[in-house]
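S.K.: Attaching a single structure in structure tokens format; questions to follow.
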Amino acid sequence: MHPFSYTRATDTRQALHAGRDGGRYIAGGTTLVDLMRETVERPRTLVDISALPLREIMVTRRGGLRIGALVRMSEAAAHRGVRALYPVISQALELSASAQLRNMATIGGNIMQRTRCTYFRDVTAACNKREPGSGCAALHGVNRTHAILGTSDDCVATHPSDVAVAFAALEASVHLMGADGERTVPFADFLLKPGSTPNREQALRPGELITAVELPALPRPLRSGYLKVRDRQSYEFALTSAAVALHIRHGVIREAKVAAGGVGTVPWKLTAVERQLIGRRPSDALWTKAAEHAADGARPLQHNRFKVELLKRTVERQLRIVGGGK
């Protein structure tokens, strides 16, 4: 462990001041502390923000939902408003990690968590995300669990969050606060694809603080759900996953929101699948046809070619479940 200083912020102004001076924010600590133990991250200052008033879950005036950044995963999953309006969020959270971790980890920390790529966490391996310009050992190494969508020649690591897949599907936005005031970033723009700068993972300005994630109001009735495929049934990251939300009125799909996890360098919005669904009547043939587009643009590696078909099957299965089939 490398030396570091610790300060506990009692209000937002104090937190932002410490963050502007290079401090790293910490609340539940379920990711950052692990990375510090492994010397992957070596922050000089930790700023504990767990006392800040960012724990509210509220229905917005337009009928959407705003979840404070410091709401625990378990709290969000159990909240009546979340379960009633967006079951896909509750399901994604409940399929994440262990109960102990869900009782500690926060919504803001969850979407900020870093990849579980073995090479990223092994400080002796080449990793452009950890050490820019060093190379990517996963490209020609053991890459079974790595990404097939949104990859680059510099990085093929997946984003590990389950609830981030639901946020991507529902087209959430992230509320931020910094020295220059408050701003809102669409979730699709908040998490960054690696390109040639995989070490830059979020669209955060120096010292900015996540204050909330907001879900837009969507047409009702809305059916939604999350399906996760993994090597074992508990405490495992996704090989593939699918978050689906459908608004079906008078027997026709009017709105479709679909995203995939476990296969992209960021949670992957499946716009080609959505286009196949909107304006059509639910049917077995439609689910199959739409799911065929789930892996459009995929660039599989030596060991993860199986993910192309697995992703299609996962999306098709979840479309059938949410769409009313079996």
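S.K.: Measure off 7 Å from each Cα along the Cα-to-Cβ vector at THR288 and ALA99, then give the distance between these two points in nanometres to one decimal.
M.R.: 4.2
S.K.: Amide H of ALA105 versus every other amide H placed in the peptide plane: which residues, excluding those fewer than 5 positions away on the same chain, fall under 5 Å?
M.R.: MET73
S.K.: What number of lysine-lysine pairs in the chain show an alpha-carbon separation below 14 angstrom, given a sequence spacing of 8 or more or placement on distinct chains?
M.R.: Values: LYS129/LYS193; LYS193/LYS269; LYS228/LYS307; LYS228/LYS312; LYS257/LYS269; LYS269/LYS312; LYS289/LYS312.
Count of close lysine pairs: 7.
S.K.: Step through the residues of region 191-206 one at a time and calculate ³J(HN,Hα) from phi using the Karplus curve (6.51 cos²θ - 1.76 cosθ + 1.60, θ = phi - 60°), rounding each to whole Hz and writing x for Gly and Pro.
M.R.: Calculated HN-Hα couplings, in order: 8, 9, 5, x, x, 9, 10, x, 6, 9, 9, 9, 8, 9, 7, x Hz.
S.K.: Quick one: net charge of ARG102's neighbours, Cβ under 14 Å, K/R +1, D/E -1? All intermediate terms of the calculation are to be shown ahead of the outcome.
M.R.: Working: positive: ARG72; negative: GLU75, GLU94, ASP162.
Overall, the nearby charge balance is -2.
S.K.: Follow-up question, since we're still on this one. Give me the net charge of LEU277's neighbourhood, meaning all other residues with Cβ under 11 Å from the Cβ of LEU277; Lys, Arg count +1, Asp, Glu -1. Spell out each step's value before the answer.
M.R.: Values: positive: ARG254, LYS257, ARG275, ARG280, ARG281, LYS289; negative: GLU255, GLU274.
Charge balance in the 11 Å sphere: +4.
S.K.: Search the structure for amide H atoms under 5 Å from the amide H of ARG280, placed 1.01 Å from N in the peptide plane, and list their residues when 5 or more places away or on another chain.
M.R.: Under 5 Å from the amide H of ARG280 lie the amide H atoms of ILE253, each far enough along the sequence or on another chain.
S.K.: Using bins 20 angstrom wide from zero, how does P(r) for the chain break down, in % of all Cα pairs?
M.R.: 32, 58, 9, 0
S.K.: Divide by every residue of the chain the summed helix terms, -39500 (n - 2.57) for each DSSP H run of at least 4, and state the resulting mean residue ellipticity at 222 nm, rounded to the nearest 500 deg cm²/dmol. Write down the numbers at each step before the final one.
M.R.: Details: 13 runs with 93 residues, N = 326.
The per-residue figure over the chain is -7000 deg cm²/dmol.
S.K.: Between ARG20 and SER50, what FRET efficiency follows from the Cβ-Cβ distance if R0 is 25 Å, with the result rounded to 0.05? Don't jump to the answer; show the numbers that get you there.
M.R.: On the way: r = 19 Å, r/R0 = 0.77.
Efficiency for this residue pair is about 0.85.
S.K.: Could you tally the net charge around GLY63, taking each other residue with its Cβ under 13 Å from the Cβ of GLY63, Lys/Arg +1 and Asp/Glu -1?
M.R.: Values: positive: ARG61, ARG62, ARG66, ARG220; negative: GLU214.
Net local charge, GLY63 excluded: +3.
S.K.: Report ³J(HN,Hα) in whole Hz for each residue of region 81-96, in order, from the Karplus equation J = 6.51 cos²θ - 1.76 cosθ + 1.60 where θ = phi - 60°; Gly and Pro get x.
M.R.: x, 5, 5, 6, 8, 9, x, 4, 6, 4, 5, 5, 5, 6, 8, 9
S.K.: Starting from the Cα of TYR235, step 7 Å along the direction of its Cβ; do the same at HIS2; then give the gap between the two resulting points in nm.
M.R.: 3.0
S.K.: Using 1/(1 + (r/R0)^6) with R0 = 35 angstrom and r between the beta carbons of ILE278 and ARG183, what's the FRET efficiency to the nearest 0.05? Each step should come with its number before you reach the end.
M.R.: Values: r = 31 Å, r/R0 = 0.87.
That gives a FRET efficiency of 0.70.
S.K.: Using Cα pairs closer than 8 Å and at least 6 residues apart in sequence, work out the relative contact order for the chain, in percent.
M.R.: On the way: 738 pairs, mean separation 55.6, N = 326.
Relative contact order, the chain: 17 percent.
S.K.: Let me ask something else about it. In whole Å, how far is the Cα centre of region 290-326 from that of region 111-174?
M.R.: Measuring centre to centre over Cα atoms gives 20 Å.
No value in this document is a laboratory result; all are computed from the given coordinates. All values derive from a computational prediction rather than experimental measurement. All Cβ positions, glycine included, derive from the backbone under ideal geometry; neighbour counts span all protein chains shown.
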